[in-house]
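Colleague: Have a look at this one.
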Amino acid sequence: SSGINAEYGEPRKPSKNETFAISTSNMGSDFDFQSSNKLFKKEAIFEEWRQKDGVHGTTRRGNPEKLRNTDMVIDTSPDISSQCAFQGDFVTDEKIPVTGLTLTRRIALFKRAIGHGLNYSHVVSVAGISIAQMVIQVLGGSCRINAHNHNKPPVVAMVVASGESGKVALATALHLHQHSVIVKVIVKAVPKGCDGLLNILNKSGCLVVDFSSLPKVLDIIVDGSQDRNTLLAWPPWMDDVVEWRERHNSVPLLAIDPQHPSQLPRVPPQPKWTCTLGAPLLSQGKEGRLFLVDIGLFSMAFSEEGIPYQSPFFDKFIVPINRSLK
């Protein structure tokens, strides 16, 4: 038969004995992958490519020891770092260098900017907005926080001390509360100049007395208690904070600008994320994934303090940074 049904013009169905519709009598033995793999000379292939285009084999393959887990193996973006006039202690994912500072030098930078007219309350508010946006994204963004979500809203616990990070934490709490997130704040030491924020949060039901008053299930912990003065003084309640965080080590922790001195009575648990304000500190302690927050510091202040600077932010207000590989 020709294989075509003459009456209907349809292909003839093969019988059970001719599943592939071809003869299997001339098929050889199974393909031997191991033997064939041994015949593949990788170095010879790279040498052949090198002779054709002048690119060394190891250069072509790159150096995997220099790659972070966030780096692309094949980088298709232009090398912006070659356009920068300095090498930083940190670098963004786009290879923009960022200078690391000591705490003393960063305080001088802040004072220089404020002396030019930058309002400190504006700095706190901007930092609070940026960190609140990051927390919302970590919680699931619009997939979880929206008008049609009938599930329980996410719960954020926040620890506040009297330092600058405590002020930013309070501003962050206010913005999270305004965006339908359940926020519970424990104030271990009252930051100066934050009476208004505390009053709003208290009337909104966000302040709690102690850890036992917190909800049993937490989505994220935001720590605003690791400023340098608090850690140097190490008040008695700091042990309670550390022990409470250790009991909840399965809950992701975000630290706001920790400023660790060289020695501590106890080492706080490592955060999953750390937000550093304006400029990263050379000694940030345990930091996890490090993010730089735009707080409005401008290039003139950096220049007058003799600090190399190129804005790493572009279209963002908070960017991930990594320690430079040297």
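Colleague: Is it fair to say I145 is at pLDDT below 95 and in contact with a helix residue (DSSP H, G or I) (Cβ under 7 Å, 6 or more places away or on another chain)?
Modeller: It is true that I145 is at pLDDT below 95 and in contact with a helix residue (DSSP H, G or I) (Cβ under 7 Å, 6 or more places away or on another chain).
Colleague: Tally up the residues in the range 167-195 that are within 11 Å of D227 (Cβ to Cβ) and at pLDDT 95 or above, please.
Modeller: Looking only at that region, the number is 3.
Colleague: Does the range 281-300 contain at least one residue that is assigned to a helix (DSSP H, G or I) and more than 24 Å from the chain's Cα centre (by Cα)?
Modeller: Within the range 281-300, one or more residues are assigned to a helix (DSSP H, G or I) and more than 24 Å from the chain's Cα centre (by Cα).
Colleague: Counting just the residues of the range 102-158 that are within 22 Å of V319 (Cβ to Cβ) and charged (D, E, K, R), which one comes out nearest to the chain's Cα centre (by Cα)?
Modeller: My answer is R106.
Colleague: Quick one: count up the residues across the range 87-116 that are among the hydrophobic types (A, V, I, L, M, F, W, C) and open to solvent by 60 Å² or more (accessible area, probe 1.4 Å).
Modeller: 2
Colleague: Scan the range 69-84 and give yes if some residue there is modelled with pLDDT under 70, over 25 Å from C275 (Cβ atoms) and either in contact with a Phe, Trp or Tyr (Cβ under 8 Å, 6 or more places away or on another chain) or surrounded by 12 or more Cβ atoms within 10 Å (Cβ to Cβ) (or both), otherwise no.
Modeller: So far as the range 69-84 goes, no, none of its residues is modelled with pLDDT under 70, over 25 Å from C275 (Cβ atoms) and either in contact with a Phe, Trp or Tyr (Cβ under 8 Å, 6 or more places away or on another chain) or surrounded by 12 or more Cβ atoms within 10 Å (Cβ to Cβ) (or both).
Colleague: Report yes if some residue within the range 257-266 is touching a residue at least 12 places away in the same chain (Cβ under 8 Å), touching a Phe, Trp or Tyr at 6+ places or on another chain (Cβ under 6 Å) and surrounded by fewer than 21 Cβ atoms within 10 Å (Cβ to Cβ); otherwise report no.
Modeller: Scanning the range 257-266 turns up at least one residue that is touching a residue at least 12 places away in the same chain (Cβ under 8 Å), touching a Phe, Trp or Tyr at 6+ places or on another chain (Cβ under 6 Å) and surrounded by fewer than 21 Cβ atoms within 10 Å (Cβ to Cβ).
Colleague: Would you pick out the residues in the range 281-326 that are within 19 Å of G128 (Cβ to Cβ), open to solvent by 40 Å² or more (accessible area, probe 1.4 Å) and of a type in the set (A, V, I, L, M, F, W, C)?
Modeller: F317
Colleague: Inside the range 117-223, counting only helices (runs of 4 or more DSSP H) that do not spill past its ends, which hold 3 or more residues that are open to solvent by less than 20 Å² (accessible area, probe 1.4 Å) and in contact with a strand residue (DSSP E or B) (Cβ under 7 Å, 6 or more places away or on another chain)?
Modeller: 120-138, 164-178
Colleague: If the Cβ limit is 8 Å and pairs must be 6+ apart or interchain, which residue in the range 231-244 that is over 13 Å from P261 (Cβ atoms) pairs with which residue that is open to solvent by 30 Å² or more (accessible area, probe 1.4 Å) and part of a helix (DSSP H, G or I)?
Modeller: D240/F211; W244/F211
Colleague: Can you find a residue that is among the hydrophobic types (A, V, I, L, M, F, W, C) and either at pLDDT 95 or above or touching a Lys or Arg at 6+ places or on another chain (Cβ under 6 Å) (or both) anywhere in the range 229-238?
Modeller: Within the range 229-238, one or more residues are among the hydrophobic types (A, V, I, L, M, F, W, C) and either at pLDDT 95 or above or touching a Lys or Arg at 6+ places or on another chain (Cβ under 6 Å) (or both).
Colleague: Scanning the range 107-135 for residues that are within 30 Å of I145 (Cβ to Cβ) and among the small types (G, A, S), which turns out modelled with the lowest pLDDT?
Modeller: Going through the qualifying residues, I end up with S121.
Colleague: Follow-up question, since we're still on this one. Are any of the residues in the range 215-228 more than 24 Å from S121 (Cβ to Cβ), at pLDDT below 95 and over 25 Å from the mean Cα position of the chain (by Cα)?
Modeller: Yes, that holds for at least one residue.
The values are calculated or read from the model by the stated rules, or taken from the named source; none is laboratory data. Predicted, not measured: the structure shown is a model, and the values here were computed from it. Because the Cβ atoms are built from the backbone with ideal geometry, glycine has one as well, and the counts that use them run over all protein chains shown. The area values use the complete protein model at the heavy-atom level, side chains included, leaving out ligands, DNA and RNA. Shrake-Rupley method; radii C 1.70, N 1.55, O 1.52, S 1.80 Å.
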